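Trainee: Below you'll find the structure I mean.
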Amino acid sequence: MAIYRAVGRNWLTRGLLTISNNPLRVCIVDSGPAGFYTAEKMLKAHQEAEVDIIDWLPTPFGLVRSGVAPDHPETKIVINQFSRVAKHERCSFFGNVTLGSSVSLGELRELYNVVVLAYGAESDRFLGIPGEDLKGIYSAREFVWWYNGHPDFKNLNPDLKSTESAVIVGQGNVALDVARILLRPTAELATTDISKHALSGLEESSIRKVYLVGRRGPVQAAFTTRELREVLGIKNLNIGIQEADLYRAPADEEELKKNRIQKRVYELLSRAATSGSSELNPCQRELHFVFFSKPDRFLESDDSSGHVAGVHLEKTVLKGVSPGKQIAVDTGQFEDRPCGMVLKSIGYKSVPVDGLPFDHQKGVVPNIRGRVLGNTSGDPALCENGLYVCGWLKRGPTGIIATNLYCAEETVASISEDLEQGVLWSSSSSLKPGREGLHQLLSNRNVRFVTFNEWEKIDNEEKRRGSSSSEPREKLICWEELLKSAT
Amino acid sequence: MLISRLSRVGFPIIGALSRGISAHVCRTGCAGSTYCQRHWPETWWFQGAIYQRNRYCSTTAASADSADKGEQQEISVTFVDKDGEEKHIKVPVGMSMLEAAHQNDIELEGACEGSLACSTCHVIVMDIEYYNKLEEPTDEENDMLDLAFGLTETSRLGCQVIAKPELDGVRLAIPAATRNFAVDGYVPKPH
Ligand SMILES: Cc1cc2nc3c(=O)[nH]c(=O)nc-3n(C[C@H](O)[C@H](O)[C@H](O)COP(=O)(O)OP(=O)(O)OC[C@H]3O[C@@H](n4cnc5c(N)ncnc54)[C@H](O)[C@@H]3O)c2cc1C
Ligand SMILES: NC(=O)c1ccc[n+]([C@@H]2O[C@H](COP(=O)([O-])OP(=O)(O)OC[C@H]3O[C@@H](n4cnc5c(N)ncnc54)[C@H](OP(=O)(O)O)[C@@H]3O)[C@@H](O)[C@H]2O)c1
Ligand code: FES
């Protein structure tokens with residue numbers, strides 16, 4: 001595996017030599033992949049830049065910590081790279097600082113020459129159908145935050161004990177993640193950094209059947225091969241795929257020809273459909289891929305407990321709308337899928353903060369290559385001086401960690417262009433208080449921020465607690481405990 | 001020379017790692033320094049880590065011996081970076097191109113440090129003949145390649161391409177992701 005040596009210091013010390021008297025003050029809101037990649041590229045491209053990263057959690061790394069599944073430790077290795085950035089001499093981390101309440105966007109723009117917003121997407125898309133607020137229906141985001149020990153979701157306590165069947169709406173990678181967590185033998189999860197409460201909940205779970213419902217077909221499924229291969233390989237899991245669903249219309253063939261991922265996903269699904277045993281072993285768990293179906297409404301249980309008892313699904317067919325794009329259309333045929341729990345995994349959604357232009361329809365900040373626009377008209381003349389976006393807030397809630405790297409390159413290229421053209425740097429307003437100003441403001445407001453050093457104390461404590469049970473870490477899940485360990 | 005000295009004084013791992021930077025040592029003229037790490041120019045983001053795939057580990061002892069014997073255990077590799085600039089390096093047989101790139105100050109990303117979980121180490125083998133000399137990518141590598149930006153017919157993951165004598169002279173391009181992402185009108189798949 002990886003062997004580390006201490007040469008990281010080389011580029012850390014370089015920072016000392018290059019801080020200028022009048023640094024370019026940069027603030028990045030979020031410590032997820034988009035934030036860290038932006039920080040890294042800014043520090044590299046601009047020797048005079050001093051970069052502050054703020055995050056409303058005391059813990060850094062965004063969805064790498066709170067989204068990436070506990071059984072994917074290799075994906076989280078990128079944290080090493082991000083930590084090196086955070087420890088750069090010209091970089092500072094301010095955890096426990098919320099944009100919107102600890103500090104406003106207007107204040108940040110006063111304090112810094114450049115503000116990059118990359119605070120992700122921390123809400124959900126809604127289906128907008130009857131029964132969506134019944135008990136037992138959660139968004140995948142909530143469920144993921146629960147099993148990943150997000151301090152705000154430790155009390156979610158999804159009821160996994162009173163039903164055999166769960167429906168997951170959506171067929172993306174998040175849907176596969178939550179399906180895997182529900183179906184994987186808990187002994188395999190016990191050695192991960194899954195939160196303790198989730199592990200006990202899952203150990204007692206009676207859920208044996210999971211239905212993964214997608215409104216389109218196997219050719220259009222949004223998940224990717226690696227994640228599909230993994231779920232298909234779960235021990236003692238029967239896979240249900242209707243062979244009829246694998247039929248390919250000419251338009252499907254066209255899509256498959258053009259898209260490598262879709263083609264390989266389709267092949268895997270076809271293989272799984274034919275290799276599954278026809279006799280179900282009652283001890284085994286089941287994962288059913290339900291294609292061409294969309295929820296029409298959620299059914300309430302008869303005992304007037306306000307609990308979900310099933311999903312009324314409408315069958316769909318595909319209709320071509322442009323070359324290579326087919327959408328699901330209704331057929332007027334319905335079927336019920338009884339279940340005691342529903343996880344909606346149809347995508348995340350960003351939320352605006354005061355003073356930020358926002359495209360409510362697309363759920364993103366209007367921008368041209370990362371430059372924030374005053375409104376959604378797309379007119380480049382309306383660029384907000386010194387304000388940029390990156391990551392899910394800029395593109396919408398899709399893409400893997402690496403996508404944010406390219407996204408950050410684009411945003412930083414825009415910043416560099418603006419600097420070169422004197423848009424950001426020429427006026428008298430270029431002298432900004434930056435870090436000192438933020439310190440002052442937070443101290444005036446009694447905001448107790450968490451530095452990167454302090455996060456490392458939390459990190460050590462989590463690792464210490466995990467080591468007794470052979471876990472990489474046991475996450476601290478209470479705000480008080482997090483802040484206490486940071487001191 | 002540096003290499004054999006280090007390995008003789010009983011630092012097999014450091015010795016093995018240093019071999020990878022021999023080309024670089026020559027370039028910057030710090031050969032002979034016991035702590036040549038200190039003299040490395042500051043590659044930006046990646047210097048804190050060296051990646052050891054199992055395959056490489058298992059060949060460490062063998063290549064340490066042969067490094068003493070002669071040059072044939074190193075191959076020449078050319079990296080062509082995002083701006084089209086070429087860098088010629090020597091890579092010990094058994095080492096991955098990701099490690100070799102990092103030890104030679106070449107900016108190849110590697111978010112998962114060679115664990116086959118990120119696709120950021122994507123390289124394009126510039127010559128089909130060389131591409132054909134590589135073992136077929138495994139399903140797992142193909143799964144990650146699915147997600148690589150600017151994928152081509154001869155794309156591979158740098159952490160999975162291991163130096164072997166037949167690859168002597170191989171040229172690897174680091175895809176210009178930004179251009180793909182922004183300028184060419186190319187809209188990357190969201191995955
Ligand atoms: C469940 C799930 C699993 C995933 N698994 C993988 C995977 O295995 N591999 C992979 O490559 N990709 C995976 N992804 C995708 C990847 O996580 C995203 O592409 C990436 O995290 C997006 O980065 P971001 O920085 O835009 O947002 P985020 O990572 O969400 O970061 C946003 C940050 O902003 C902070 N924040 C939010 N609001 C505020 C505020 N008002 N003030 C201050 N800070 C704020 C949050 O605390 C958070 O740290 C997964 C995504 C999800 C949802
Ligand atoms: N291991 C990993 O690499 C990993 C893990 C998790 C997440 N991620 C990434 O994170 C990103 C987000 O993942 P995600 O799963 O949240 O999103 P996603 O990939 O966009 O999938 C969303 C799913 O929800 C469906 N959907 C959307 N609106 C719907 C509606 N109104 N009714 C019914 N179905 C609806 C979509 O179907 P349509 O296709 O028909 O719209 C699609 O199947 C993705 O890019 C993903 O690859 C990666
Ligand atoms: S470094 Fe992550 S796949 Fe090669």
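Trainee: Work out the charge dipole of the stretch A:423-487 with +1 on the Cβ of Lys and Arg and -1 on the Cβ of Asp and Glu about the Cα centre, then indicate which of A:SER470, A:TRP455, A:ASN444 is farthest towards its positive end.
Mentor: Farthest towards the positive pole: A:ASN444.
Trainee: Another question, then. For chain A, what are the DSSP H helices with axial Cα length of 27 Å or more and mean Kyte-Doolittle hydropathy of at least 0.0?
Mentor: Details: long enough: A:401-420 (29 Å, 0.17).
Membrane-span-like by this rule: A:401-420.
Trainee: Within the set of other residues whose C-beta is less than 11 Å from the C-beta of A:ALA175, count the net charge using Lys and Arg as +1 and Asp and Glu as -1. Walk me through the numbers before you get to the answer.
Mentor: Values: positive: A:ARG180, A:LYS344; negative: A:ASP177, A:GLU227.
Overall, the nearby charge balance is 0.
Trainee: Working from the alpha-carbon coordinates of chain A, get Rg over Rh, Rh being the Kirkwood radius. Show your work: numbers first, answer last.
Mentor: Working: Rg = 24.0 Å, Rh = 24.2 Å.
The Rg/Rh ratio comes out at 0.99.
Trainee: Given Cβ point charges of +1 (Lys, Arg) and -1 (Asp, Glu) and nothing else, what value in debye, to the nearest 20, does the dipole of chain A about its Cα centre take?
Mentor: On the way: 59 positive and 62 negative charges, 230 e Å.
Value, rounded to 20: 1100 debye.
Trainee: Between A:THR191 and A:ASP159, 0.36 nm times their residue separation minus their Cα-Cα distance comes to what? Don't jump to the answer; show the numbers that get you there.
Mentor: Numbers: separation 32, 0.36 × 32 = 11.52 nm, distance 2.30 nm.
The A:THR191-A:ASP159 span can extend by a further 9.2 nm.
Trainee: Out of A:PHE153, A:PRO357, A:THR274, whose Cα points farthest toward the positive end of the dipole of chain A (charges: +1 Lys, Arg; -1 Asp, Glu; placed on Cβ)?
Mentor: The Cα lying farthest towards the positive end belongs to A:THR274.
Trainee: Averaged over every viewing direction, what's the projected area of the C-alpha convex hull for the stretch A:322-463? Give it in nm², one decimal, please. Don't skip to the answer; put the middle values down first.
Mentor: On the way: hull surface 66.0 nm².
Computed as one quarter of the Cα hull surface, the answer is 16.5 nm².
Trainee: Within a Cβ distance under 13 Å of A:ARG109, other residues only, what is the Lys/Arg minus Asp/Glu net charge? Please list the in-between numbers first.
Mentor: Working: positive: A:ARG25, A:LYS432; negative: A:GLU107, A:GLU110, A:ASP354, A:GLU384.
With Lys, Arg at +1 and Asp, Glu at -1, the neighbours total -2.
Trainee: Among all the lysines, which ones have a C-alpha under 23 Å from A:LYS457's C-alpha, if same-chain residues fewer than 8 places away are not counted?
Mentor: A:LYS76, A:LYS87, A:LYS154, A:LYS196, A:LYS475, A:LYS484
Trainee: Over the C-alpha atoms of the stretch A:126-346, what are the Rg and the largest Cα-to-Cα span, Dmax, in Å?
Mentor: Cα only, the stretch A:126-346: 17.3, 51 Å (Rg, Dmax).
Trainee: Taking each residue in A:263-274, count the Cβ atoms of any other chain within 10 Å of its Cβ, then average. What number comes out?
Mentor: For peptide A:263-274, the averaged partner shielding equals 1.
Trainee: For a quick size check, give me the Cα extents of the stretch B:74-173 along its three principal axes, largest first, whole Å.
Mentor: 29, 25, 23
Trainee: In a shell of Cβ-Cβ distance under 11 Å around A:TYR119, excluding A:TYR119 itself, what net charge do Lys and Arg (+1) and Asp and Glu (-1) give?
Mentor: Working: positive: A:LYS394; negative: A:ASP30, A:ASP55, A:GLU122.
With Lys, Arg at +1 and Asp, Glu at -1, the net is -2.
Trainee: Taking the highest mean first, how do the peptides A:390-400, A:295-305 order by number of other beta carbon atoms within 10 angstrom per residue? Write down the numbers at each step before the final one.
Mentor: Working: A:390-400: 24.7, A:295-305: 15.2.
Answer by packing, highest mean first, reads A:390-400, A:295-305.
Trainee: Work out, in µm²/s and without decimals, the Stokes-Einstein translational diffusion coefficient of the stretch A:104-176 at 4 °C, 1.567 mPa s, Rh from Kirkwood over C-alpha pairs. Don't skip to the end; give the middle numbers.
Mentor: Values: Rh = 15.5 Å.
The Stokes-Einstein estimate is 84 µm²/s.
Trainee: Give the cross-link partners of A:LYS209 among the aspartates and glutamates, using a straight C-alpha distance below 16 Å as the criterion and excluding same-chain residues fewer than 8 apart.
Mentor: In chain and number order, the partners are A:ASP159, A:GLU164, A:ASP177, A:GLU279, A:GLU286, A:ASP336.
Trainee: Moving on. If you take the accessible area of B alone plus A alone and subtract the pair, what total do you get in square angstrom, rounded to 100, with a 1.4 Å probe?
Mentor: Values: alone 10440 and 22130 Å², together 28230 Å².
What B and A bury together is about 4300 Å².
Trainee: How compact and how long is the stretch A:347-431, expressed as Rg and Dmax of its alpha-carbon atoms in Å?
Mentor: Gyration radius and largest Cα-Cα distance of the stretch A:347-431: 13.4, 44 Å.
Trainee: Would you mind giving the mean number of other chain beta-carbons within 10 Å of the Cβ of each residue in A:407-417, as a whole number?
Mentor: Working: counts 4, 1, 7, 5, 1, 1, 4, 1, 0, 0, 0.
That works out to 2 on average.
The values are calculated or read from the model by the stated rules, or taken from the named source; none is laboratory data. Just so it is clear, the structure is predicted and the values come from calculations on it, not from any experiment. Backbone-built Cβ (ideal geometry, glycine too); neighbour counts: all protein chains shown. The accessibility values were calculated without ligands, DNA or RNA, using every heavy atom of the protein model including side chains. Shrake-Rupley method; radii C 1.70, N 1.55, O 1.52, S 1.80 Å.
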